[in-house]
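Engineer: Below you'll find the structure I mean.
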Amino acid sequence: MRTKANHMLQFNAFQIKIIALITMTLDHIAAYQILSVNQAFNDGLRIIGRIAAPLFLFMVIEGLHHTHNKAKYICRLYFAGVIIEFVNRIIENATGAFEFGNTLPMLFYTSLFIFCIEHITNNYRNIKAICIAGCGVLIPFLFYALNVILPRYGFGEIWYNISLFFPSPFKVDYSIAFILMGISWYFINNKVIDCIILAILSFFCFAIPETCFFTISSVWFAPAVFNIVEVFLDTQWCMCLAIPFMLFYNGEKGHSLKYLFYLYYPIHVYLLFAIQYIRN
């Protein structure tokens with residue numbers, strides 16, 4: 001369990017989730033250009049919005065530490081992700097909209113890999129348990145292979161349908177880098193080190209343009225030419241702004257917010273998209 005912060009400024013889990021929801025909403029308001037002020041204003045909102053994803057991941061890791069049923073917790077993430085992706089595709093096909101994001105598969109894979117790794121370490125003498133948990137880790141990477149192979153041989157439509165239920169871990173929002181970060185957070189279980197890891201990842205986002213770092217296709221962590229203009233236009237490195245909220249997390253639950261994210265996340269995106277679609 002994480003140690004409680006001895007500071008006057010403290011945040012419980014409920015407060016951090018609310019902060020994540022607010023910053024996510026501001027980010028999406030800018031993404032859908034709901035407030036047509038100017039580009040600098042939108043960029044400012046996108047910078048604030050970088051706080052959301054690390055905080056959601058941080059809270060999922062906390063949830064895994066405290067839940068009484070990890071399997072149920074992981075299944076909830078999976079089915080919520082599938083439902084959201086299904087609705088996303090209906091709207092995309094009906095309106096010709098650009099591809100909606102979906103953070104749930106990233107959170108699901110992080111949780112699944114943690115569950116499997118922990119199961120292996122706790123049952124290292126049980127060959128059957130190791131094989132089952134090992135399949136849970138390895139099978140998702142089979143879907144990455146399918147993602148590469150099937151479209152190459154003209155079966156892109158088949159992969160498109162498969163990916164609704166089994167997205168590639170290399171194609172999730174925020175990439176496998178966030179999955180690895182979440183796994184390290186869980187097993188290290190020290191919020192100071194968690195923040196250091198996030199700071200390191202933020203530095204790589206600063207040094208490597210987003211097109212190479214967060215869009216992973218056939219090359220992972222591909223080298224890129226350093227371009228200071230691209231660095232400051234790409235705000236992903238600003239996710240380090242989540243560090244103070246993580247540091248001042250006091251380990252307490254606060255009010256219950258069990259299903260609010262699952263409902264608020266897709267609904268607010270669809271409402272913002274509807275406003276943009278009607279206005280245009």
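Bear in mind that the values in this text are calculations on the coordinates, not laboratory data. Here the structure is a predicted model, which is why all the values come from computation and not from measurement. Here the Cβ is made from the backbone with ideal geometry for all residues, glycine too, and neighbour counts use every protein chain on show.
Engineer: Counting only pairs 8 or more places apart or on different chains, how many lysine pairs in segment 13-279 have C-alpha atoms closer than 20 Å?
Structural biologist: Here the count comes out as 10.
Engineer: What's the exposure ranking of Arg89, Arg50, Arg279, going from fewest to most Cβ atoms within 10 Å?
Structural biologist: On the way: Arg89 16, Arg50 20, Arg279 10.
The most exposed by this proxy come first: Arg279, Arg89, Arg50.
Engineer: Starting from the 7 Å offset along Cα-to-Cβ, what nm value, one decimal, do you get for the label separation of Ile149 and Glu99?
Structural biologist: 2.1 nm
Engineer: Work out how much length Cys75 to Glu92 would gain on full extension: take 0.36 nm times their residue separation and subtract the Cα-Cα distance, in nm to one decimal. Please list the in-between numbers first.
Structural biologist: Working: separation 17, 0.36 × 17 = 6.12 nm, distance 2.54 nm.
Full extension of this stretch gives 3.6 nm more.
Engineer: Out of residues 5 or more away from Phe11 or on other chains, whose amide H comes under 5 Å of its own, with H placed 1.01 Å from N in the peptide plane?
Structural biologist: Tyr249, Asn250
Engineer: Going by how many other Cβ atoms sit within 10 Å of their own, how do Asp27, Asp173, Asp194 line up, fewest first?
Structural biologist: Asp173, Asp27, Asp194
Engineer: Which of Ala13, Ala177, Ala129 moves the most in a Gaussian network model of the chain with Cα springs under 10 Å?
Structural biologist: Ala129
Engineer: Once label points are set 7 Å from the Cα along Cα→Cβ at both Thr67 and Tyr277, what is their separation, rounded to one decimal in nm?
Structural biologist: 3.1 nm
Engineer: Here is a follow-up. If I take every Cα pair under 8 Å that is 6 or more residues apart in segment 13-279, average their sequence separation and divide by the length, what percent do I get for the relative contact order? Spell out each step's value before the answer.
Structural biologist: Working: 293 pairs, mean separation 68.3, N = 267.
RCO, segment 13-279: 26 percent.
Engineer: Out of segment 1-108, which chymotrypsin sites (Phe, Trp or Tyr not before Pro) are coil in DSSP terms and have no more than 11 other C-beta atoms within 10 Å?
Structural biologist: Details: sites: Phe11, Phe14, Tyr32, Phe41, Phe56, Phe58, Tyr73, Tyr78, Phe79, Phe86, Phe98, Phe100, Phe108; in loops: Tyr32, Phe98, Phe100.
Loop-located and lightly packed - Phe98.
Engineer: Across the chain, where is the longest run that never hits GluC sites (Glu not before Pro) in a DSSP loop with at most 13 other C-beta atoms within 10 Å?
Structural biologist: 100-251
Engineer: What full-extension length gain, to one decimal in nm, is calculated for Ile130 and Phe14 as 0.36 nm per residue of separation minus the Cα-Cα distance?
Structural biologist: On the way: separation 116, 0.36 × 116 = 41.76 nm, distance 3.57 nm.
Contour length minus Cα-Cα distance gives 38.2 nm.
Engineer: Based only on other Cβ atoms within 10 Å, what is the fewest-to-most ordering of Trp237, Trp185, Trp159?
Structural biologist: Trp159, Trp237, Trp185
Engineer: Take every Cα pair under 8 Å in segment 27-145 that's 6+ residues apart, average their separations, divide by the length, and report that relative contact order as a whole percent.
Structural biologist: Here the relative contact order equals 17 percent.
Engineer: Just the Kirkwood number for the chain, please: inverse of mean 1/r across all distinct Cα pairs, in Å, one decimal.
Structural biologist: After inverting the mean inverse Cα-Cα distance, the result is 20.0 Å.
Engineer: Here is a further query. Roughly speaking, what is the stretch gain from Glu252 to Thr121, that is 0.36 nm per residue apart minus the C-alpha to C-alpha distance, in nm to one decimal?
Structural biologist: Gain on extension, Glu252 to Thr121, equals 44.4 nm.
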